[in-house]
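Peer 1: Before anything else, here's the structure in question.
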Amino acid sequence: MKRILSSTIQVFKQIKSDPMMFAACFTPFVMGALIKFGIPFLERITDFSLQAYYPIFDLLLSIMAPVLLCFAFAMITLEEIDDKVSRYFSITPLGKSGYLFTRLGVPSIISAVIAFIVLLLFSLEKLSIGMTICLALLGSVQAIIVSLMIITLSSNKLEGIPDSRGILRSLHCLRNLGYLKEIVILVSTATPKEYLNYLEERHYPYIVSGNDHVDYEKAFQILHEQYGCKYMRTDSGGGLTNKLLENGLIDEISLVISPCFVGNKEKQLFDNLLLSEKVNLELQGTENAEHGCLSLRYAVKNKD
């Protein structure tokens, strides 16, 4: 119990350090106050009755209160996954089950209590205690589902896309994929002004680094300073992969070997790789994947 409490306190400290997630924890009370006092006020000044929709407003409160807190815990969990520290909790005294309980169970319990308090204070309908408890519990169950969806479907908290020539359009399609928190475009001073205007008009953040092409080392430094990114994961073709490896910006390479031959029709991962010296790799781990595939992880060592 002490370990679970200590881990929970640590999560709350992390939430406190992030203004957005910290504000999310208090948003249910702000929403409750706006609904409790705002709806009757609007009814008085407009002579329009919303009483028939009071149960919907109460249902909204029962949903939002648990979801916002569990969202904050889910984002902390996602950050731990990005930082590759979540796997190490299984070998700590907390254990895997304790880790999952503090990231899913604890916030659902706390959120149910918060939802109960919010409904008692700000409910527009005169709900019975039993109904209030049921709504709070159902809201916390839904919050767990939302948290699992965020953790499962989100591959990254932040997605960076290099585009120094300004050719990427319809970026809203990427935002609508559901597993990205935000998109940042990496551009250079050679990027057309028209494309930068396109990004600004649609509120897409971008980072200018490099002259003719993107300076990835500088761009990664800015991503770290502005967004707190500690690890970058690339999933691209040979061009970007080669550039990062040539500039010594890759620490680990993950390869998945499939049990099939494709001949010479596929592009090579390190095609036209320009290295003055060889780069040594050190095996970090192997894992049997689905469909007979083999996953290999190599650490990139210093050049000889």
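Peer 1: Has the stretch 226-236 got any residue that is exposed (fewer than 11 other Cβ atoms within 10 Å of the Cβ), in a loop (DSSP other than H, G, I, E, B), modelled with pLDDT under 75 and acidic (Asp, Glu)?
Peer 2: yes
Peer 1: Would you confirm, using the coordinates I've provided, whether GLY166 is modelled with pLDDT of 80 or more and surrounded by 14 or more Cβ atoms within 10 Å (Cβ to Cβ)?
Peer 2: It is false that GLY166 is modelled with pLDDT of 80 or more and surrounded by 14 or more Cβ atoms within 10 Å (Cβ to Cβ).
Peer 1: Turning to a different aspect of this structure: Give the stretch 194-235 a look and list any residue that's of a type in the set (Lys, Arg) and either in contact (Cβ under 8 Å) with a residue 24 or more places away in the chain or assigned by the TED database to the domain that holds GLU79 (or both), or say none. I'd like the intermediate steps shown before the answer.
Peer 2: At the first step, the residues of the stretch 194-235 found to be of a type in the set (Lys, Arg) are 202, 218, 230, 233.
Once the filter is applied, which keeps residues that are of a type in the set (Lys, Arg) and either in contact (Cβ under 8 Å) with a residue 24 or more places away in the chain or assigned by the TED database to the domain that holds GLU79 (or both), the stretch 194-235 yields ARG202, LYS230, ARG233.
Peer 1: Right, here's the next one. Can you tell me which residue among SER123, SER140 is surrounded by 16 or more Cβ atoms within 10 Å (Cβ to Cβ), over 24 Å from the mean Cα position of the chain (by Cα) and small (Gly, Ala, Ser)?
Peer 2: SER123
Peer 1: Could you give every pair whose Cβ atoms fall below 8 Å, whose first residue belongs to the stretch 125-153 and is in the same structural domain as PHE57 (by the TED database), and whose second residue is outside any helix (DSSP H, G or I) and hydrophobic (A, V, I, L, M, F, W, C), counting only separations of at least 6 or pairs across chains?
Peer 2: LEU135/LEU127
The values are calculated or read from the model by the stated rules, or taken from the named source; none is laboratory data. Computed from a predicted model, the values in this text were never measured in an experiment. Every residue, glycine as well, gets a Cβ built from its backbone with ideal geometry; the counts of neighbours run over all protein chains shown.
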